[in-house]
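Taking it in order: structure first as structure tokens, then the write-up.
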Amino acid sequence: MGSLNDPGELDSVYPPPSFDEFQRQTSLMTSCTLLWKELSDHFTSLEQDILKKSETLKSKIQTLDSQTKQSLQVLEQRESSMNETLSIALTKVVENKKAAIFALNEGAEQPEVDDSTGLLLKLKGFCVKMDSTSFWNFLVMKKKDLDSLRVEIPKALDECVDPPRFVLETISSVFPEDKRVNERNNDLGWACVLMLESLIPVMMDPVLGNERKLVTPSMKDKANEIAEIWKKSLDERGGIENVKTPDVHTFLQHLVTFGVVKDEDFDLYRKLVVGSAWRKQMPKLAISLGLGDKMPEMIEELISRGQQVDAVHFTYEVGLADKFPPVSLLKAFLKDAKKAAAAILEDPNNSGRAAHFAAKKEQSAIRSVLKCIEEYKLEAEFPPDNLKKQLEQLEKPRNEKKRSPAAVPANKRTRASNNGHMPPAKAGRSTNAYVSSFPVRSPPHTQYPAAVPTFVRSSPHTQYPAAVPAYVAPPAIYGNRSPPYPYSPEAAPYPGTPVNYSPYGGYSNGMAPAYQQAYYR
């Protein structure tokens with residue numbers, strides 16, 4: 001038998017654990033526990049992310065399947081409706097062709113245009129015969145009946161054998177290039193836009209409506225060719241910066257009407273829209289051109305140009321009022337207008353008329369803001385009472401001058417200082433509130449020589465001496481005998497607010513022309 005080991009020997013072989021070693025082991029266990037928990041949480045998070053992504057993918061797949069199903073149904077509907085659409089279109093073409101042949105053979109007399117019915121019959125007569133030249137000549141003479149034309153022209157175009165061809169032939173003397181020789185100053189862009197807008201409802205598919213336009217490939221190619229000609233002529237027009245707004249409007253409406261928008265030309269479209277942004281139709285045209293994604297950039301550019309009122313119109317068109325608060329924009333616009341007016345007052349070269357021009361600039365700005373407040377119902381956020389009071393104060397000096405005792409009575413006949421011919425007694429008694437910005441024509445008076453000018457009296461302004469040089473009349477944009485067409489305010493006296501100029505009658509009296517507020521359709 002072996003002897004038992006001495007306890008002292010065991011202690012020497014296996015020394016007792018120390019407290020430091022115990023702490024080390026405890027710390028190691030704690031680290032492992034924390035690491036395990038961290039790894040567990042990480043894998044749990046990964047699992048949850050995978051589940052969420054899986055659900056998202058399932059949702060997208062379901063949406064894609066639903067969209068694919070809807071697209072297939074639409075394509076099937078378009079295909080099934082093709083025969084019905086073609087049948088209706090061919091029947092209509094045959095009927096219109098028979099009507100045109102009958103009209104040409106019979107040579108029916110044209111009706112008198114004394115009401116909307118007579119206007120429609122007159123327009124239909126030209127459309128039935130596809131007489132685009134006579135239609136155009138009649139249209140440009142009837143600008144005073146613009147509201148009626150806008151209603152009746154689509155009905156008349158419906159009688160054409162080929163409405164798209166008829167419209168392109170009708171406006172061909174002006175668009176894409178102005179082929180006139182002696183009347184180029186008479187801008188007829190309003191008539192072109194009116195024709196192109198009126199064509200849209202006529203080209204709608206009788207079964208699908210707006211989803212499909214009835215325009216033949218040959219006419220679409222022709223429309224695309226016209227658009228390319230217009231773009232190439234930009235350099236001759238002085239570039240994008242100098243092209244006339246009516247021409248821009250016609251071009252963009254042409255693209256939308258015939259659906260010949262090109263992705264590679266989006267930058268050109270954006271520049272054209274921004275350059276003519278003061279036209280009320282531009283926001284809608286921008287959307288139709290596919291510039292919806294570019295709208296925030298365009299709005300910021302308009303703001304940087306000082307065209308805050310135009311930016312407000314674009315903002316409401318695309319629903320970005322939260323990003324671009326309209327009240328802040330309008331207040332900034334008024335602030336800029338005041339700064340511009342103050343700069344005019346400080347101009348030493350224009351001290352005689354500075355107060356007049358500065359007041360007109362502020363008046364025009366306030367009117368534009370008031371119109372914007374009314375249109376978009378901003379009265380709660382921007383009460384207009386103070387603006388109206390400011391406008392009254394700015395207009396007060398002019399009203400006082402009109403009531404001044406020194407004013408010469410309108411019915412007092414005086415002979416010109418150069419002993420010229422005396423004007424007719426009724427020249428100063430006109431009750432017409434509108435003073436045209438175009439040359440005024442009056443019936444001949446046999447008692448006076450033909451060289452006598454037509455007088456349109458206005459109240460004298462004593463602050464302007466007779467030696468002040470005469471104003472030069474601004475160019476007539478839309479004709480020589482009628483008031484400016486609502487589509488196109490002629491010029492903008494300061495950025496963002498286009499204003500039509502309307503003289504006080506004759507410019508030889510040395511008085512400043514009156515400003516009218518911009519018109520937004």
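The values are calculated or read from the model by the stated rules, or taken from the named source; none is laboratory data. Note that this is a predicted model, so its numbers are computed, not measured. Glycine also receives a Cβ, built like all others from the backbone with ideal geometry; neighbour counts cover every protein chain displayed. Heads up: the accessible areas ignore ligands, DNA and RNA and are worked out on the full protein's heavy atoms, side chains in. Shrake-Rupley method; radii C 1.70, N 1.55, O 1.52, S 1.80 Å.
Considering only region 207-219, state which residues are in contact with a strand residue (DSSP E or B) (Cβ under 9 Å, 6 or more places away or on another chain) and surrounded by 15 or more Cβ atoms within 10 Å (Cβ to Cβ).
Step one: filter region 207-219 for residues in contact with a strand residue (DSSP E or B) (Cβ under 9 Å, 6 or more places away or on another chain), giving 210-214.
Matches in region 207-219: Arg212, Lys213, Leu214.
Looking at region 198-241 only, could you name the residues that are part of a helix (DSSP H, G or I) and among the hydrophobic types (A, V, I, L, M, F, W, C)? Quick ask: steps written out before the conclusion?
First pass over region 198-241, keeping only residues part of a helix (DSSP H, G or I): 198-202, 217-232.
Scanning region 198-241 gives Leu199, Ile200, Val202, Met219, Ala223, Ile226, Ala227, Ile229, Trp230.
Leu72 - would you say it is under 30 Å from Met204 (Cβ atoms), of a type in the set (A, V, I, L, M) and either open to solvent by 100 Å² or more (accessible area, probe 1.4 Å) or at pLDDT 90 or above (or both)? Lay out the reasoning, then the answer.
Numbers: under 30 Å from Met204 (Cβ atoms): yes; of a type in the set (A, V, I, L, M): yes; either open to solvent by 100 Å² or more (accessible area, probe 1.4 Å) or at pLDDT 90 or above (or both): yes.
Here the answer is yes, as Leu72 does meet what is asked.
Suppose the filter is closer than 30 Å to Glu211 by Cα, touching a Leu at 6+ places or on another chain (Cβ under 8 Å) and either open to solvent by less than 100 Å² (accessible area, probe 1.4 Å) or not aliphatic (A, V, I, L, M) (or both); does Thr85 pass it? Steps first, please.
Numbers: closer than 30 Å to Glu211 by Cα: yes; touching a Leu at 6+ places or on another chain (Cβ under 8 Å): yes; either open to solvent by less than 100 Å² (accessible area, probe 1.4 Å) or not aliphatic (A, V, I, L, M) (or both): yes.
Yes: the conditions hold for Thr85.
Restricting the search to region 156-209, which residues are β-branched (Val, Ile, Thr) and in contact with a Leu (Cβ under 6 Å, 6 or more places away or on another chain)? Explain how you work it out, then say what you get.
Within region 156-209, the first condition is being β-branched (Val, Ile, Thr), and the residues that meet it are 161, 167, 170-171, 174, 181, 193, 200, 202, 207.
Matches in region 156-209: Val167, Val174, Val202.
Which residue is least open to solvent (accessible area, probe 1.4 Å), if the candidates are limited to region 328-383 and must be outside any helix (DSSP H, G or I) and at pLDDT 90 or above? Step through it out loud before you land on a result.
Residues of region 328-383 that are outside any helix (DSSP H, G or I), as a first pass: 346-347, 351-353, 376-383.
Imposing the further condition that a residue be at pLDDT 90 or above reduces the set to 376-383.
Values: Tyr376: 45, Lys377: 154, Leu378: 3, Glu379: 76, Ala380: 101, Glu381: 121, Phe382: 21, Pro383: 74 Å².
Taking the candidates together, the pick is Leu378.
Only one of (1) crowded, with 22+ Cβ neighbours inside 10 Å; (2) more than 16 Å from the chain's Cα centre (by Cα); (3) farther than 19 Å from Ala227 by Cα is not met by Phe258, so which one is it?
That leaves (3) as the condition not met.
Specify the residue that is nearest to Trp190 (Cα to Cα); the eligible residues are those in region 240-249 that are surrounded by 10 or more Cβ atoms within 10 Å (Cβ to Cβ) and free of Cβ contacts under 8 Å to residues at least 40 places away in the same chain. Steps first, please.
So the first thing to find is which residues in region 240-249 are surrounded by 10 or more Cβ atoms within 10 Å (Cβ to Cβ), and the list is 240, 243-249.
Checking the rest, the ones that are also free of Cβ contacts under 8 Å to residues at least 40 places away in the same chain come to 240, 243, 248.
On the way: Ile240: 20, Val243: 15, Val248: 11 Å.
Filtering first and then ranking leaves Val248.
Spot the failing condition for Leu10; the list is (1) within 30 Å of Leu208 (Cβ to Cβ); (2) modelled with pLDDT under 90; (3) open to solvent by less than 100 Å² (accessible area, probe 1.4 Å), and only one is missed.
Of the numbered conditions (1) within 30 Å of Leu208 (Cβ to Cβ); (2) modelled with pLDDT under 90; (3) open to solvent by less than 100 Å² (accessible area, probe 1.4 Å), the odd one out for Leu10 is (1).
Just checking, does region 256-264 include any residue being in contact (Cβ under 8 Å) with a residue 60 or more places away in the chain and not aliphatic (A, V, I, L, M)?
yes
Checking Val309 against (1) surrounded by 15 or more Cβ atoms within 10 Å (Cβ to Cβ); (2) without any contact (Cβ under 8 Å) to a residue 40 or more places away in the chain; (3) under 13 Å from the mean Cα position of the chain (by Cα), which test does it fail?
Condition not satisfied by Val309: (2).
Kindly establish whether Lys323 is modelled with pLDDT of 85 or more, outside any helix (DSSP H, G or I) and open to solvent by 70 Å² or more (accessible area, probe 1.4 Å). First the steps, then the outcome.
Details: modelled with pLDDT of 85 or more: yes; outside any helix (DSSP H, G or I): yes; open to solvent by 70 Å² or more (accessible area, probe 1.4 Å): yes.
Taking the combined requirement at face value, the residue satisfies it.
Condition check ((1) closer than 25 Å to Phe251 by Cβ; (2) among the hydroxyl-bearing types (Ser, Thr, Tyr); (3) in contact (Cβ under 8 Å) with a residue 12 or more places away in the chain; (4) touching a strand residue (DSSP E or B) at 6+ places or on another chain (Cβ under 9 Å)) across all residues:
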site	(1), (2), (3), (4)
Leu330	no, no, yes, no
Ala343	no, no, no, no
Lys360	no, no, yes, yes
Gln363	no, no, yes, yes
Cys372	no, no, yes, no
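Do you know which of the residues in region 261-273 that are among the acidic types (Asp, Glu) and farther than 14 Å from Gly292 by Cα is most open to solvent (accessible area, probe 1.4 Å)?
Taking region 261-273 first, the residues among the acidic types (Asp, Glu) are 263-265, 267.
Add one more test, that the residue is farther than 14 Å from Gly292 by Cα, and what stays is 264-265.
On the way: Glu264: 137, Asp265: 25 Å².
Here the answer is Glu264.
So, in region 276-306, exactly how many residues are among the polar types (S, T, N, Q) and either touching a strand residue (DSSP E or B) at 6+ places or on another chain (Cβ under 8 Å) or open to solvent by less than 10 Å² (accessible area, probe 1.4 Å) (or both)?
At the first step, the residues of region 276-306 found to be among the polar types (S, T, N, Q) are 276, 281, 288, 304.
Of the ones still in play, those that are also either touching a strand residue (DSSP E or B) at 6+ places or on another chain (Cβ under 8 Å) or open to solvent by less than 10 Å² (accessible area, probe 1.4 Å) (or both) are 276.
Number satisfying all stated conditions: 1.
Look through region 175-197, keep the residues that are touching a residue at least 40 places away in the same chain (Cβ under 8 Å), outside any helix (DSSP H, G or I) and of a type outside the set (D, E, K, R), and return whichever of them is farthest from Thr216 (Cα to Cα).
From region 175-197, those touching a residue at least 40 places away in the same chain (Cβ under 8 Å) are 175-177, 185-197; that's our starting set.
Still in the list and also outside any helix (DSSP H, G or I): 175-177, 185-188.
Subset that is of a type outside the set (D, E, K, R): 175-176, 185-186, 188.
Numbers: Phe175: 20, Pro176: 20, Asn185: 35, Asn186: 33, Leu188: 27 Å.
Looking at residues that are touching a residue at least 40 places away in the same chain (Cβ under 8 Å), outside any helix (DSSP H, G or I) and of a type outside the set (D, E, K, R), I get Asn185.
Got at least one residue in region 272-292 being over 15 Å from the mean Cα position of the chain (by Cα) and within 29 Å of Asp187 (Cβ to Cβ)?
So in region 272-292, the residues over 15 Å from the mean Cα position of the chain (by Cα) come out as none.
No: region 272-292 contains no residue that is over 15 Å from the mean Cα position of the chain (by Cα) and within 29 Å of Asp187 (Cβ to Cβ).
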